Structure formats: structure tokens, C-alpha cells
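The values are calculated or read from the model by the stated rules, or taken from the named source; none is laboratory data. Not measured: the values here are computed from a predicted model. For neighbour counting, all protein chains shown are included, and Cβ atoms are generated from backbone atoms with ideal geometry for every residue, glycine included. The protein model used for the area step is the full one, side chains on, heavy atoms only, and it has no ligands, DNA or RNA in it. Shrake-Rupley method; radii C 1.70, N 1.55, O 1.52, S 1.80 Å.
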Amino acid sequence: MPRSERSPLLLAGLLATAGVAHFAAPRRFDETIPSGLPGSPRTWTYASGAAELALAAGLALPRTRRTAALATAAFFVGVFPANVKMAADRRHRPTPQKAAAFGRLPLQVPLVLWARGVARNAEGRS
């Protein structure tokens, strides 16, 4: 399978794994929900997990890939505040936890670019 065909499936796998994790271990995601959001953190945890699963399904299907990839890029931008909160909350934790939280912040850029690349490669395909 050529790289351009694997890329959306790998991105779908990443999102599906993250989505399942939101339901399997919600407490660790609840902690990252910014306090300014209305409702309970658990509701946001489940909603973002469901969104990740839906995006993964959309990426896996060629017919919906372009739209799902664009939505995935927007999703990665939208969850960035949660990653910032996680880094801020972990700034006084042991170095490995702090490094993981702060290291995650710049990773959002390649994730957004990856999703946009999948969308670009899906244009004109049915």
C-alpha cells in the first residue's frame, strides 16, 4: 500500500485509539478539561472521545475522507487549550511527566498539517 493510502488509515488509527482511551480511562482526560467550559469535565471527555471515534471512521472511508480530515485538523486546533492546561498543571510534577506534557504542545502542529495533507490528497477522489 503506498504511503499516501496508508496515511489516512494511520491517522484514523491514532484517533480511534485516543477515542477509546477517553472511555476506558476518562479520569486522566477529565483533568485536562479547562474549568471555563460549561458542564462537567466527564461530559467533555466523552464528547471528545466520541468525536475522535467519528473522525476516525470518516477518515477510514474514502467517500468522507476529505471532510473528515478537515474536521480533524480543526479538532486538533480545538483541543489545544486542553493540552496547554495539562502542561500548566504538570509544570511542578517530576521531569518525565512535565516533559511529556510540554512536549505534546508542539506536536499539535504536525498533527494539524498531517490532517490537512490527508484532506489535500483526498481532493477529487470519491
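Being open to solvent by 50 Å² or more (accessible area, probe 1.4 Å) and either over 15 Å from Ala122 (Cβ atoms) or part of a helix (DSSP H, G or I) (or both) is the requirement here; does Arg63 meet it? Even if it seems obvious, please write down each step before you answer.
Values: open to solvent by 50 Å² or more (accessible area, probe 1.4 Å): yes; either over 15 Å from Ala122 (Cβ atoms) or part of a helix (DSSP H, G or I) (or both): no.
No: the conditions fail for Arg63.
Would segment 10-27 turn up any residue that is open to solvent by less than 70 Å² (accessible area, probe 1.4 Å) and either touching a His at 6+ places or on another chain (Cβ under 8 Å) or among the hydroxyl-bearing types (Ser, Thr, Tyr) (or both)?
Start the filter on segment 10-27 by keeping residues that are open to solvent by less than 70 Å² (accessible area, probe 1.4 Å), which leaves 11-13, 15-16, 18-19, 21-22, 25-26.
So of that shortlist, the ones also either touching a His at 6+ places or on another chain (Cβ under 8 Å) or among the hydroxyl-bearing types (Ser, Thr, Tyr) (or both) come out as none.
No, segment 10-27 contains no residue that is open to solvent by less than 70 Å² (accessible area, probe 1.4 Å) and either touching a His at 6+ places or on another chain (Cβ under 8 Å) or among the hydroxyl-bearing types (Ser, Thr, Tyr) (or both).
Hey, among Thr95, Thr43, Thr17, which residue is β-branched (Val, Ile, Thr), modelled with pLDDT under 95 and farther than 20 Å from Glu123 by Cα? Break it down stepwise before answering.
Numbers: Thr43 fails: modelled with pLDDT under 95; Thr17 fails: modelled with pLDDT under 95.
It is Thr95.
Quick one: is Leu37 at pLDDT 95 or above and either open to solvent by 60 Å² or more (accessible area, probe 1.4 Å) or touching a Leu at 6+ places or on another chain (Cβ under 7 Å) (or both)?
Details: at pLDDT 95 or above: no; either open to solvent by 60 Å² or more (accessible area, probe 1.4 Å) or touching a Leu at 6+ places or on another chain (Cβ under 7 Å) (or both): yes.
It is false that Leu37 is at pLDDT 95 or above and either open to solvent by 60 Å² or more (accessible area, probe 1.4 Å) or touching a Leu at 6+ places or on another chain (Cβ under 7 Å) (or both).
Just give me the residues in segment 56-115 being closer than 22 Å to Pro34 by Cα and polar (S, T, N, Q), in sequence order.
If the condition is that a residue be closer than 22 Å to Pro34 by Cα and polar (S, T, N, Q), then Thr72, Asn83, Gln97, Gln108 are the ones that fit.
Only one of (1) crowded, with 16+ Cβ neighbours inside 10 Å; (2) more than 16 Å from the chain's Cα centre (by Cα) fails for Thr95. Which number is that?
(1)
Mind telling me which of the residues Ala56, Ala71 ends up being touching a residue at least 40 places away in the same chain (Cβ under 8 Å), in contact with a Gly (Cβ under 9 Å, 6 or more places away or on another chain), closer than 24 Å to Arg116 by Cβ and part of a helix (DSSP H, G or I)?
So the residue among Ala56, Ala71 that is touching a residue at least 40 places away in the same chain (Cβ under 8 Å), in contact with a Gly (Cβ under 9 Å, 6 or more places away or on another chain), closer than 24 Å to Arg116 by Cβ and part of a helix (DSSP H, G or I) is Ala56.
Scan segment 26-57 for residues that are over 16 Å from the mean Cα position of the chain (by Cα) and among the polar types (S, T, N, Q) and jot them down.
Ser35, Ser40, Thr43
Taking Ala57, is it surrounded by fewer than 17 Cβ atoms within 10 Å (Cβ to Cβ), under 20 Å from Ala12 (Cα atoms) and at pLDDT 95 or above? Steps first, answer last, please.
Values: surrounded by fewer than 17 Cβ atoms within 10 Å (Cβ to Cβ): yes; under 20 Å from Ala12 (Cα atoms): yes; at pLDDT 95 or above: yes.
Answer is yes for this residue.
Please find, among Ala100, Ala47, Ala88, the residue that is free of Cβ contacts under 8 Å to residues at least 12 places away in the same chain, part of a helix (DSSP H, G or I), over 23 Å from Leu10 (Cα atoms) and not aromatic (Phe, Trp, Tyr). Lay out the reasoning, then the answer.
Values: Ala100 fails: over 23 Å from Leu10 (Cα atoms); Ala47 fails: over 23 Å from Leu10 (Cα atoms).
None of the other options fit; the residue is Ala88.
For the list (1) at pLDDT 90 or above; (2) over 15 Å from Ala16 (Cα atoms), I need the number of the one condition that Leu111 fails.
Among (1) at pLDDT 90 or above; (2) over 15 Å from Ala16 (Cα atoms), Leu111 violates only (2).
Looking at Ala60, Ala87, can you tell me which residue is over 14 Å from the mean Cα position of the chain (by Cα), closer than 20 Å to Arg6 by Cβ and small (Gly, Ala, Ser)?
Working: Ala87 fails: closer than 20 Å to Arg6 by Cβ.
Only one candidate qualifies: Ala60.
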